[in-house]
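Beneath this line is the structure, given in structure tokens, with notes to follow.
The values are calculated or read from the model by the stated rules, or taken from the named source; none is laboratory data. The structure displayed is predicted, hence computed values, not measured ones. Cβ: placed from backbone, ideal geometry, glycine included. Neighbour counts: every protein chain shown. These accessible areas exclude ligands, DNA and RNA; they are computed on the full protein's heavy atoms, side chains included. Shrake-Rupley method; radii C 1.70, N 1.55, O 1.52, S 1.80 Å.
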Amino acid sequence: MIVYKCINCGEETFERRAVCPKCRGEEFEEVDEKLGELVVETTLYVTPSSFPDKYTIAVLRAGTTRVLVRKE
Ligand SMILES: [Zn+2]
């Protein structure tokens, strides 16, 4: 899982940003982090059109940030 690490302060985010939310730095490096601990998981039964009638999403740790994933 690629996360983006601020060169200035080390803050990691899973989405690419133009500006660091912590220090407003503008330079990032890509870091390959393994998906780790499960933070929370839920199954959605009311879903947007063009999506399945139900599916499960989860938030996992990746380095010092968290990542939203769709499980099924
Ligand atoms: Zn920063």
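Around residue 69, under 14 Å between beta carbons, what's the net of Lys plus Arg minus Asp minus Glu among the other residues?
0
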Overall dimensions of the chain as given by Cα atoms, namely Rg and Dmax in Å = 14.8, 43
Pull up all non-local amide H partners of residue 8: gap of 5 or more, or a different chain, and H-to-H distance under 5 Å with H placed in the peptide plane.
-> 27
Rounded accessible area per residue of the chain, 1.4 Å, Å² | 74 Å²
Estimated vicinal HN-Hα couplings, Hz - segment 50-62 in sequence order (Karplus 6.51, -1.76, 1.60; Gly, Pro = x) | 6, 9, x, 5, 8, 7, 10, 10, 8, 10, 10, 7, 9
Have a look at 57, 45, 10 and report the one farthest towards the positive end of the charge dipole of segment 2-70, computed about the Cα centre with Cβ charges (Lys/Arg +1, Asp/Glu -1).
-> 45
Express the carbon and sulfur contribution to the solvent-accessible surface of the chain as a percent, rounded to the nearest whole number, probe 1.4 angstrom.
-> 48 percent
Taking 67, 19 and ranking on accessible area (1.4 Å, protein atoms only), highest first, one gets 19, 67
Ranked from highest to lowest mean number of other Cβ atoms within 10 Å per residue, what is the order of the peptides 4-10, 23-29, 34-40, 60-66?
-> 60-66, 4-10, 23-29, 34-40
Please list, in chain and number order, the residues 5+ apart from residue 55 or on another chain whose amide H is under 5 Å from its amide H, with Hs placed from the backbone.
-> 44
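Which length gain, in nm to one decimal place, applies between residue 50 and residue 23 when the Cα-Cα distance is subtracted from 0.36 nm times their residue separation?
Net length gain for the segment: 5.9 nm.
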